[in-house]
Amino acid sequence: MAVFVYAENINGVYKKAAFEAVSYAKAVADQAGDTVTAISVNPTDSSDLLYKYGASNVINIKDEGLKSFSAKAFAQAVSEVADGNIIIFPHTTDASSVAPMLAIMKNYSLITNVLEAPESLSPFQVKRRAFSGKGFMHAKAEGTGVIVTVSQNAFGVKENAASGSEEVKNLSVANEDTKVVSHEQSSGKLDLKEAEVVVSAGRGMKGPENWGMIEDLANVLGAATACSKPVSDIGWRPHTEHVGQTGKAISPNLYIAVGISGAIQHLAGVNSSKTIVVINSDPEAPFFKSADYGVVGDAFQIIPALTEKIKAIKG
Amino acid sequence: MKILVCISSVPDTTSKINFTADKSAFDKNGIQWVINPLDEFALTKAVKLQESQGATVTVINVGDIATEPVIRKALAIGANDAVRVNLDPKDSYSTAKEIAAVAQNGGYDLILCGKESIDYNGGSVPGMVAQLLNQPFVNASVGLDVNGSEATAVREIEGGKETISVKLPAVIAGQKGLVDEKDLIIPNMRGIMSARTKPLQVVEPTSSEVKVQGVSYDSVPPRAAVKMVSPDNLDELVRLLHEEAKVI
Ligand SMILES: Cc1cc2nc3c(=O)[nH]c(=O)nc-3n(C[C@H](O)[C@H](O)[C@H](O)COP(=O)(O)OP(=O)(O)OC[C@H]3O[C@@H](n4cnc5c(N)ncnc54)[C@H](O)[C@@H]3O)c2cc1C
């Protein structure tokens with residue numbers, strides 16, 4: 001059961017999600033008694049980074065036509081080199097666009113949002129996220145080929161060094177249907193779905209002018225920032241920061257919720273965070289029921305003070 | 001221009017999610033059903049294109065008769081007509097196959113979907129439909145313009161945005177941002193009345209092949225009781241996060 005894994009890069013640089021997917025693939029390969037082959041499209045990073053997490057072969061696809069992203073062309077490229085019956089993807093935006101197309105090309109089963117190593121390999125059965133984090137599903141693949149996408153921050157990044165070898169494949173996949181017109185990457189901002197610490201705030205912050213203190217706290221923690229839905233609906237924050245059932249689902253190690261009531265739709269996207277801290281002036285706020293640590297009080301006083309204290313210990 | 005909008009009927013967002021006693025299925029008792037919220041962005045976008053470009057909008061749902069109220073709601077929002085494929089879908093693949101089968105002969109210029117459904121969170125149907133029809137696919141779309149035989153879609157990427165021109169026909173999966181939240185259409189009385197008489201065609205499924213089975217389901221285990229910390233003792237909070245939870 002050859003295990004292939006798609007190691008996603010952005011502008012040639014491997015993402016944390018790629019290392020997590022390789023770590024997952026290694027766990028599957030160990031179960032299957034086989035090795036991991038990683039596939040990457042036009043990487044500039046060294047393959048050593050993938051050997052470190054257990055890949056023993058790396059196929060670097062070189063294709064000028066794949067310099068910019070197209071779900072279909074990328075699926076075609078992966079399909080040409082992945083000749084195993086298990087293919088692992090991270091559940092990132094790009095990878096989760098490629099995986100369904102590849103599943104049809106290969107006539108494989110597709111199980112997305114996977115949380116843990118498989119419960120069995122034949123049939124392939126695995127636990128996945130469902131109902132927007134309000135439940136879990138144990139999904140079983142029919143047939144022999146399976147593609148999975150691994151939910152970010154669920155399995156974790158695990159070092160497991162293998163000695164590896166690299167192979168370069170020159171492809172020229174037709175990519176005519178879509179063309180990238182422009183690409184804007186805001187530099188220096190931590191990716192919300194990859195972040196291990198997230199500081200999030202809601203309508204309790206009263207207005208966008210008060211977000212400075214949220215950003216300060218995020219900065220000392222090396223955290224990404226997020227928000228509740230009404231906050232992005234009103235335009236206080238970009239909708240890319242909206243977390244919850246209809247926004248992004250995240251599972252950081254630490255989620256700090258400031259001035260967020262904890263509505264069921266909000267919880268749905270954040271309750272798989274490992275540790276939840278809730279800061280709210282209303283002792284009856286429902287979020288306290290789903291928190292590990294709670295502080296009842298005014299965010300405008302607590303956040304600056306907390307930021308100073310964390311700065312001190314981080315010193 | 002002909003647009004096909006895929007809609008999924010999902011538990012209302014406030015629903016508590018329970019499973020049957022033997023954990024083999026989702027417990028539908030007492031559940032209110034709504035249009036998948038991400039599909040609503042796609043549907044509203046389609047109705048806007050109907051207004052601005054004279055497009056016709058067909059909604060499609062793969063579901064048993066119980067989903068008809070949700071289809072009528074989509075008609076009340078402004079779709080011209082609807083197709084229901086009479087199958088209680090068991091996985092993304094069977095859903096995608098039925099949508100593609102209907103789309104195959106429909107001559108649609110654009111297929112719009114929500115990027116995932118909030119029940120099973122597969123996020124797979126749109127990409128599968130695109131591949132089954134051999135059409136280009138743009139996922140996580142937060143902006144869309146159509147100009148003749150070409151569309152310009154903006155898609156969200158990690159830490160940014162990308163603008164893509166796409167040759168039609170194509171499949172676009174949208175999310176919040178495709179239209180503004182405030183522009184989502186709430187059906188008025190006229191819409192609701194006219195929805196009753198709009199055509200809703202029921203077709204039988206073409207196959208029953210399933211690729212993934214839900215074997216069993218679990219609820220989320222409850223968290224341990226919250227530890228409250230006084231706002232005057234934030235040192236204690238920092239200590240707990242550092243020493244007990246080990247997250248800072
Ligand atoms: C279809 C649908 C989908 C939805 N999807 C989502 C989703 O994905 N994500 C999401 O977040 N919501 C979602 N919602 C909205 C959700 O139901 C809630 O309305 C929303 O989460 C509330 O946001 P909030 O907690 O920021 O605001 P509010 O409910 O207004 O709560 C503000 C909180 O701030 C506290 N507060 C006020 N002042 C202070 C202060 N000085 N210091 C500390 N605390 C203070 C208040 O006590 C209150 O608890 C959805 C709703 C629907 C209908």
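The values are calculated or read from the model by the stated rules, or taken from the named source; none is laboratory data. Bear in mind the structure is a predicted one, so any value in this text is a computation, not a measurement. All Cβ positions, even for glycine, are placed from backbone atoms using ideal geometry, and neighbour counts span all protein chains on display. Side chains included, ligands, DNA and RNA excluded: accessible areas come from the protein's heavy atoms. Shrake-Rupley method; radii C 1.70, N 1.55, O 1.52, S 1.80 Å.
Data for the structure
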read-out	value
Distance between modelled label sites at B:S149 and A:S163, nm, 7 Å Cα→Cβ extension	5.7
DSSP beta bridges in the protein assembly as shown [antiparallel fraction, %, rounded to 5]	35
Surrounding net charge for A:G269, when Lys and Arg each add one and Asp and Glu each subtract one, Cβ distance under 13 Å	+4
Cysteines having no other Cys beta carbon under 4.7 Å from their own, within the protein assembly as shown	A:C227
Probe 1.4 Å, all protein chains present, accessible-area order of A:W211, A:W236, largest first	A:W236, A:W211
Karplus-derived 3J(HN,Hα), 6.51/-1.76/1.60, for each residue of the stretch B:102-117, Hz, glycine and proline x	5, 5, 3, 9, x, x, 6, 7, 8, 10, 10, 9, x, 6, 7, 9
Compactness index (Cα Rg / 2.2 N^0.38 Å), the stretch B:1-139	1.03
Sulfur and carbon atoms: percent of accessible area, chain B [1.4 Å]	49
Rounded accessible area per residue of chain A, 1.4 Å, Å²	36
Environment charge at B:S216 (Cβ cut-off 9 Å; Lys +1, Arg +1, Asp -1, Glu -1)	-1
Estimated FRET transfer efficiency (B:N86, A:K67; beta-carbon r; R0 56 Å; 0.05)	0.80
Unsatisfied cross-links (Cα-Cα over 21 Å) in the set B:K73/B:K211; A:K15/B:K246; A:K206/B:K246; A:K15/A:K158; A:K106/A:K179; A:K248/B:K90	B:K73/B:K211; A:K15/B:K246; A:K206/B:K246; A:K106/A:K179; A:K248/B:K90
Sequence-distant residues sharing a close amide H with B:K211 (under 5 Å, placed H)	B:Y93, B:S94
Solvent-accessible area, 1.4 Å probe, carbon plus sulfur percent, for chain A	47
Residues of the stretch A:57-82 buried by at least 50 Å² on assembly (accessible area, 1.4 Å probe, chain alone as reference)	A:K72
20 Å reach of a label modelled at B:I65, 7 Å along Cα-to-Cβ, counting backbone N of the stretch B:188-208	B:196-206
Reduction of at least 30 Å² in accessible surface, 1.4 Å probe, comparing all protein chains with the chain by itself, residues of the stretch A:136-155	A:F136, A:M137, A:H138, A:K140, A:E142
Interchain or long-range residues, amide H under 5 Å from B:V5's placed H	B:T58, B:V59, B:I60, B:L112
Phi to ³J(HN,Hα) by Karplus 6.51 cos²θ - 1.76 cosθ + 1.60 over the stretch B:179-192, Hz, x for Gly, Pro	9, 5, 3, 5, 8, 4, 8, 9, x, 9, 4, 4, x, 5
Candidates B:A21, B:A79, B:A173, ranked by Gaussian network fluctuation over chain B, Cα under 10 Å, top entry	B:A21
Value of [θ]222 nm, deg cm²/dmol, for chain A, DSSP H segments ≥ 4, -39500 (n - 2.57) each, nearest 500	-8000 deg cm²/dmol
Reduction of at least 30 Å² in accessible surface, 1.4 Å probe, comparing all protein chains with the chain by itself, residues of the stretch B:138-158	B:N139, B:R155, B:E156, B:I157, B:E158
Probe 1.4 Å, all protein chains present, accessible-area order of A:D83, B:D119, largest first	A:D83, B:D119
Whole-number accessible area per residue in Å² for chain B, which is evaluated in the context of all protein chains at 1.4 Å	43
Amide hydrogen neighbours beyond the local backbone of A:V181, cut-off 5 Å, H modeled	B:T163, B:I164, B:S165
Residue-averaged 222 nm ellipticity for chain B, from DSSP H runs of 4+ at -39500 (n - 2.57), nearest 500	-7500 deg cm²/dmol
Residue-wise HN-Hα coupling along the stretch A:203-217, computed from phi with Karplus coefficients 6.51, -1.76, 1.60 (Hz; x: Gly, Pro)	4, x, 7, 6, x, x, 5, 9, 6, x, 5, 5, 5, 4, 5
Cα-projected label distance for B:K28 with B:M228, points at 7 Å along beta-carbon direction, nm	4.3
Buried area at the A-B interface (accessible, heavy atoms, 1.4 Å probe, summed, Å²)	7100
Entries in A:K62/A:K193; A:K67/A:K134; B:K16/B:K227; A:K26/B:K115 that, when Cα-Cα distance is taken, lie over 31 Å	A:K67/A:K134
FRET efficiency estimate (nearest 0.05) - Cβ-Cβ, A:A2 to A:L171, R0 30 angstrom	0.95
